[in-house]
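Asks: This is the structure I want to talk about, given as structure tokens.
What follows is calculated from the coordinates using simple rules that are stated; it is not laboratory data. What you are looking at is a predicted structure, and each value in this text was computed from that prediction instead of being measured. Glycine gets a Cβ as well: all are built from the backbone with ideal geometry, and neighbour counts include every protein chain shown.
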Amino acid sequence: MSTINSRKAAIVGCGFVGSASAFALMESSLFSEMVLIDADKDKAQGEALDISHGLPFSKPMNIYAGDYSDISDASVIIVTAGAGQKPGETRLDLVKKNVGIFKSIIPQIVKYNKDGILLIVANPVDILTYAAAKLSGFPKERVFGSGTVLDTARLKYLLGGHLGVDNRSIHAFIIGEHGDSEIAAWSSANVSGIPLNDFCEMRGHFDHQSSMQRIAENVKNSAYEIIEKKKATYYGIAMSVKRICEAIVRDEKSVLPVSSIQNDNYEINDIALSMPAIVGKNGVECLVPIKLNDSEEAALKKSAETLKAVVDDVL
């Protein structure tokens, strides 16, 4: 059994998301060592150098380009490698290309590291999390995806603006697929313990149904809008990666809507999707049972079926 260094991270894939995540992690001071791996070694070296040159303004850290043999003691292996989402392309359009890429990446990771946490960030994240779990053979708690952590942050951001309140005081989740079938779990949403609709009325908002529909649509379409305007999304997801790594490294036991393989949760089995989970140093400790109404539960099951159909197609 290899010795795991809890202060070491590896990032596989140095595109926009991988390099932005590396930068966010350098700024966070969570790790003292970070290895960047990319099929284009020059790209990984360039990113490592560029980020390293800012270290005099941050905390000491060893950032370097390497290969898979360098990840043997990494506690968290962040996989962002994959084809990017093009304008007009859904996340699920990417699936066949990226499952193929994972079939070459995951066995390389497992060859050198069997004890770390696999954090999947590449899209479509739910399908690739499932693929990574199956290809790696790792215990299911140590393979999970960034899931709807970013979608949930987008929901909180938009609700904060709508209600004129600090978005950190909002407790609400996007669940299901990170993509077109995602669900805003409105029935369990609250602002510092006050049910969402009650808080809305306190702030002078009474047209709940149309507001919920509009905000949920805006959350779902955020990525498409950003891709249309700047060709890629990477800062928001990089900050989500940093947040998940904080929960792992500090063993925070934070509740985050990460994508993990479900077992008899709302009768959903053997598929990865996002539900709130307690995340700590060993990965996903357990799922947090949030209350859903009948339509949310039905939508969640439909989201699972959508993902299952894709998995059956490609794996």
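Asks: Nothing charged except the Cβ atoms of Lys and Arg (+1) and of Asp and Glu (-1): what's the magnitude of the dipole of region 5-145 about its Cα centre? Round to the nearest 20 debye.
Replies: Charge dipole, region 5-145, about its Cα centre: 460 debye, nearest 20.
Asks: So, in Å, what gap is there between the alpha-carbon centers of region 74-96 and region 246-272?
Replies: So the two Cα centres are separated by 20 Å.
Asks: Quick check on region 165-315: take the gyration tensor over C-alpha atoms, sort the square-rooted eigenvalues as a ≥ b ≥ c, and tell me if it's rounded (a/c under 1.5), prolate or oblate.
Replies: rounded
Asks: What is the magnitude of the charge dipole of the chain about its Cα centre, with +1 placed on the Cβ of each Lys and Arg, -1 on the Cβ of each Asp and Glu, and no other charges, expressed in debye to the nearest 20? It would help to have the intermediate numbers written out before the result.
Replies: Values: 33 positive and 39 negative charges, 114 e Å.
In total the dipole reaches around 540 debye.
Asks: Under 14 Å from the Cβ of D70, count the other residues' Cβ atoms, weight Lys and Arg +1, Asp and Glu -1, and hand me the total.
Replies: Value of the local net charge: -1.
Asks: Any idea which of P60, N5, L158 is furthest toward the positive side of the dipole for the chain, if Lys and Arg beta-carbons carry +1 and Asp and Glu beta-carbons -1?
Replies: The listed residue farthest towards the positive side: P60.
Asks: Okay, next question. Among DSSP beta bridges whose residues both lie in the chain, state the antiparallel percentage, nearest 5.
Replies: Restricted to the chain, the bridges split so that about 50 percent are antiparallel.
Asks: For the cross-link pairs K242/K281; K8/K96; K140/K308; K97/K230, which exceed 20 Å when the distance is taken from alpha carbon to alpha carbon? Mind showing how you got there, number by number?
Replies: Values: K242/K281 14 Å; K8/K96 31 Å; K140/K308 17 Å; K97/K230 23 Å.
Violating the 20 Å limit, Cα to Cα: K8/K96; K97/K230.
Asks: How would you rank 241-247, 162-168, 54-60, 306-312, highest first, on the average number of other Cβ atoms within 10 Å across their residues?
Replies: 241-247, 306-312, 162-168, 54-60
Asks: Multiplying the sequence separation of T90 and E228 by 0.36 nm and subtracting their Cα-Cα distance, what value in nm do you get?
Replies: 48.4 nm
Asks: Find the Cα radius of gyration of region 31-179, compare it with 2.2 N^0.38 Å by division, and give the number to two decimals.
Replies: 1.19
Asks: Further, regarding this structure: Along the charge dipole of region 149-314, which of P289, Y224, M212 sits closest to the positive end, that is, farthest toward it, with unit charges on the beta carbon of Lys, Arg, Asp and Glu (+1, +1, -1, -1)?
Replies: Among P289, Y224, M212, the one farthest towards the positive end of the dipole of region 149-314 is Y224.
Asks: Quote the relative contact order of the chain in percent (integer), defining contacts as alpha-carbon pairs under 8 Å separated by 6+ residues.
Replies: 19 percent
Asks: So, one more: Counting Lys +1, Arg +1, Asp -1, Glu -1, what net charge surrounds D38 among other residues with beta carbon under 12 Å of its beta carbon?
Replies: -2
Asks: Moving to a separate point now. Would you calculate a helix-derived [θ] at 222 nm for the chain, using -39,500 (n - 2.57) for each DSSP H run of n ≥ 4 and dividing by the full residue count, to the nearest 500?
Replies: Counting only the DSSP helices, I get -14000 deg cm²/dmol.
Asks: Sort 131-139, 202-210 for me by packing, meaning the mean count of neighbouring Cβ atoms within 10 Å per residue, highest on top.
Replies: 131-139, 202-210
Asks: Now for a different question. Any chance you could run the full-extension gain for E267 through K253? It's 0.36 nm times the residue separation minus the Cα-Cα distance, nm to one decimal.
Replies: Numbers: separation 14, 0.36 × 14 = 5.04 nm, distance 2.53 nm.
This chain segment gains 2.5 nm when fully extended.
Asks: Rounded to the nearest 20 debye, what is the charge dipole size of region 149-314 about its Cα centre when +1 sits on each Lys and Arg Cβ and -1 on each Asp and Glu Cβ?
Replies: Its charge dipole is roughly 780 debye.
Asks: Would you list D126, D251, D38 from fewest to most Cβ contacts within 10 Å?
Replies: D251, D38, D126
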